[in-house]
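Q: Take a look at this one; I'll ask things after.
The values are calculated or read from the model by the stated rules, or taken from the named source; none is laboratory data. Predicted model only: the values in this text are computed from it and were never measured. Using ideal geometry, Cβ is built from the backbone for each residue, glycine included, and neighbour counts are taken over all protein chains shown.
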Amino acid sequence: TQSTWSPEFLEHIRKVMLVIDAAVTHLENLHCLEDYLANLGRKHQAVGVKVESFEAVGDSLLYMLERCHGPAFKMNARDAWIKLYSTVVKAMSCGWNVSRKVE
């Protein structure tokens, strides 16, 4: 079946998942991603994204994980994903209102 989502939206989903993958990969050393994530936050602010918008993305991520894993997606796993995603959003939000050039 043909997707009803635009190629741009699908590309953005791919990029979001790459950021999540990087966070999981560097789980024990997330601070190494802080500059990258702050710059990503600046880029999002530059195009008018509000920090509050990331809540919907986090909700979608949890929904996807719950649908994919079903009952195996226990509360402690859910809490761990919330903590990881919140850490990513916090690092990105550090880029808001910082007067540095967006690359």
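Q: Quick one: in the range 13-23, which of the residues that are of a type in the set (V, I, T) and without any contact (Cβ under 8 Å) to a residue 60 or more places away in the chain is surrounded by the fewest Cβ atoms within 10 Å (Cβ to Cβ)?
A: Here the residue is I13.
Q: Considering only the range 24-37, I want to know if a residue exists there that is surrounded by fewer than 14 Cβ atoms within 10 Å (Cβ to Cβ), farther than 19 Å from I13 by Cβ, of a type outside the set (G, A, S) and touching a residue at least 60 places away in the same chain (Cβ under 8 Å).
A: no
Q: Given the criterion among the hydrophobic types (A, V, I, L, M, F, W, C) and more than 15 Å from V24 (Cβ to Cβ), identify the matching residue among V51, V88.
A: Checking each option against the conditions leaves just V51.
Residue-wise test of (1) of a type in the set (D, E, K, R); (2) modelled with pLDDT under 95.
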{"residue": "H26", "(1), (2)": "no, no"}
{"residue": "L33", "(1), (2)": "no, no"}
{"residue": "L40", "(1), (2)": "no, no"}
{"residue": "K50", "(1), (2)": "yes, yes"}
{"residue": "S53", "(1), (2)": "no, yes"}
{"residue": "K74", "(1), (2)": "yes, yes"}
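Q: Hey, another quick one. Could you check how many residues of the range 49-86 are under 19 Å from I13 (Cα atoms) and either among the charged types (D, E, K, R) or assigned to a helix (DSSP H, G or I) (or both)?
A: Count: 24.
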